[in-house]
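The values are calculated or read from the model by the stated rules, or taken from the named source; none is laboratory data. Just so we're clear, the structure is a prediction, and the values are computed from it rather than from any experiment. With ideal geometry, Cβ positions are generated from the backbone for all residues, glycine too; neighbour counts draw on all protein chains shown. Ligands, DNA and RNA are excluded from the accessible area calculation, which covers all protein heavy atoms including side chains. Shrake-Rupley method; radii C 1.70, N 1.55, O 1.52, S 1.80 Å.
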Amino acid sequence: MVFSAGDGEADLLAKWMIVAAVGTLGACSAVAPPYGRYSRAVIFGIRFPLLDAKLGWILMECPNVLMSLWFLLYGSDETCLKSPVNLALLSMFVLHYVNRSFVFPFRTRGGRPMPVPMMLFGALFVSINSYLQCTHLLRSRIYPNSWFGDPRFIIGAATFSAGMFINCQSDGILRRLRRPGETGYKIPQGGMFAYVSGANYFGECVGWIGFAIAGWSLPATAFALYTLSNLAPRARKHHLWYLEKFREGYPAGRKALVPFVW
Ligand SMILES: NC(=O)c1ccc[n+]([C@@H]2O[C@H](COP(=O)([O-])OP(=O)(O)OC[C@H]3O[C@@H](n4cnc5c(N)ncnc54)[C@H](OP(=O)(O)O)[C@@H]3O)[C@@H](O)[C@H]2O)c1
């Protein structure tokens, strides 16, 4: 039994995030968010400044790490902070975002510049999400030590680890497609790219689904759904983009996001 000391605020925010995920699925299916290969300065007829890709990614993602740090130092409930399970779940979240905010941007090669509104929108979302996950894990819910032995934690943590491995491996494969200074696109090979065009997104989705299983909570589930809602359409757009660009040269059996299925 997981003790919940009043998850009201986090659960309410999580429900709003699920509603937002439905809207995001529709919006991202209609138009690809303007970063990476779809980056553009003119959005809705207005020209915006572009940020260097590395800086854009750092500014967009670092609120995750800063918010977690702030909660750990000033905003947490002492009982939550003393629960090893709470800290283990928080560590998964923080480790992922240390990589995404500070390792991934510095290692990317030739990333397209990012329009300022994209960075601001992303930073707003990650701030809300990190507030949600931190409120849940550091203020509301207290997991007993026995949760470490619960099949949900064991399966979820293993799934999270597998997802993060695939995500980092795929990011690395994409990075190595370019020599320093190069900016073009090639066909990614190896790892989960043997099966899907969005191997990095597949890993990311699997990882956050694992996180949701490990925590068995509405906030973590809402985050997993939000991740799927923006990455599934993006994986499909990438897949169609590859087919258009490389035509017969593109591996025929490769799917967009889900191996052998879609
Ligand atoms: N949790 C979430 O909701 C969420 C949302 C978005 C992203 N993410 C994660 O953030 C990471 C980056 O996402 P992304 O959308 O930027 O991924 P992406 O479009 O696959 O691009 C990743 C990097 O690889 C380069 N690249 C991509 N395809 C390439 C190719 N065929 N040849 C050479 N270089 C290539 C890109 O350069 P260009 O910039 O020049 O295209 C970029 O630097 C992923 O791991 C993703 O899972 C998570």
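The figures follow:
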item	result
The listed residue being open to solvent by less than 70 Å² (accessible area, probe 1.4 Å) and either of a type outside the set (Lys, Arg) or away from the ligand (no atom under 16 Å from the Cβ) (or both), out of Phe71, Phe44	Phe71
Qualifying residue in region 86-102 (condition: open to solvent by 30 Å² or more (accessible area, probe 1.4 Å), in contact with a Ser or Thr (Cβ under 8 Å, 6 or more places away or on another chain) and more than 26 Å from Ala220 (Cα to Cα))	no
Residue match in region 46-67 (condition: in a helix (DSSP H, G or I) and over 24 Å from the mean Cα position of the chain (by Cα))	no
Residues within region 185-197 that are more than 7 Å from the ligand (Cβ to nearest atom) and either part of a loop (DSSP other than H, G, I, E, B) or touching a Leu at 6+ places or on another chain (Cβ under 6 Å) (or both), tallied	5
Matching residues, region 212-223, being open to solvent by 10 Å² or more (accessible area, probe 1.4 Å) and under 26 Å from Tyr35 (Cα atoms)	Thr221
Residue identified as modelled with pLDDT of 95 or more, within 13 Å of the ligand (Cβ to nearest atom) and either within 29 Å of Ser83 (Cα to Cα) or of a type in the set (A, V, I, L, M, F, W, C) (or both) among Leu174, Leu132, Leu138	Leu174
Output for region 71-92, where each listed residue is in a helix (DSSP H, G or I) and in contact with a Phe, Trp or Tyr (Cβ under 7 Å, 6 or more places away or on another chain)	Val85, Asn86, Met92
In region 157-204, the residues that are small (Gly, Ala, Ser), closer than 23 Å to Phe106 by Cβ and more than 14 Å from the chain's Cα centre (by Cα)	Gly172, Gly181, Gly184, Gly190, Gly191
Among (1) more than 10 Å from the ligand (Cβ to nearest atom); (2) open to solvent by 40 Å² or more (accessible area, probe 1.4 Å), the one test that Val206 misses	(2)
Residue count, region 103-114 (criterion: modelled with pLDDT of 95 or more and either surrounded by 20 or more Cβ atoms within 10 Å (Cβ to Cβ) or near the ligand (Cβ under 8 Å from one of its atoms) (or both))	4
